[in-house]
Amino acid sequence: MSTETMTAIEALLRDRPQEFEFFQLVRLLAQLEPDREPVGCFVSPSKEVARFTANPASAFPASQVQSVEWPETGQPKVTV
């Protein structure tokens with residue numbers, strides 16, 4: 001994908017992550033961060049494209065992805 005396309009996708013991921021399906025989001029994060037390792041490849045979690053956490057609420061979620069936090073350093077934190 002072109003840099004312009006990836007920039008637009010990153011903006012959508014930052015603004016409205018709930019509009020993406022879980023696996024779609026993980027694939028896009030991997031494309032945005034090609035230097036990081038894919039999820040589940042038996043490497044240190046700190047080297048993967050994202051960290052995952054579950055929302056502890058007992059209510060049924062409105063979407064597969066609840067939120068994505070983008071720290072200054074390190075990988076995004078995805079709440080599902």
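Numbers at a glance
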| read-out | value |
| --- | --- |
| Selection status of residue 14, touching a residue at least 12 places away in the same chain (Cβ under 8 Å), out of contact with any Leu (no Cβ under 8 Å at 6 or more places or on another chain) and not polar (S, T, N, Q) | yes |
| Among residues of segment 27-46, those that are within 21 Å of residue 6 (Cβ to Cβ), without any contact (Cβ under 8 Å) to a residue 40 or more places away in the chain and out of contact with any helix residue (DSSP H, G or I) (no Cβ under 8 Å at 6 or more places or on another chain), counted | 4 |
| Criterion violated by residue 69 - all others in (1) in contact (Cβ under 8 Å) with a residue 12 or more places away in the chain; (2) closer than 18 Å to residue 9 by Cα; (3) not aromatic (Phe, Trp, Tyr) satisfied | (1) |
| Test result for residue 43, of a type outside the set (Phe, Trp, Tyr) and part of a loop (DSSP other than H, G, I, E, B) | yes |
| Unique match (being at pLDDT 90 or above and not hydrophobic (A, V, I, L, M, F, W, C)) among 56, 17 | 17 |
| Single residue of segment 59-80 satisfying the filter (polar (S, T, N, Q) and in a loop (DSSP other than H, G, I, E, B)) that is modelled with the lowest pLDDT | 73 |
| Candidate set: segment 8-60, residues that are within 23 Å of residue 72 (Cβ to Cβ) and hydroxyl-bearing (Ser, Thr, Tyr); chosen: the one surrounded by the fewest Cβ atoms within 10 Å (Cβ to Cβ) | 44 |
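The values are calculated or read from the model by the stated rules, or taken from the named source; none is laboratory data. Just so it is clear, the structure is predicted and the values come from calculations on it, not from any experiment. With ideal geometry, Cβ positions are generated from the backbone for all residues, glycine too; neighbour counts draw on all protein chains shown.
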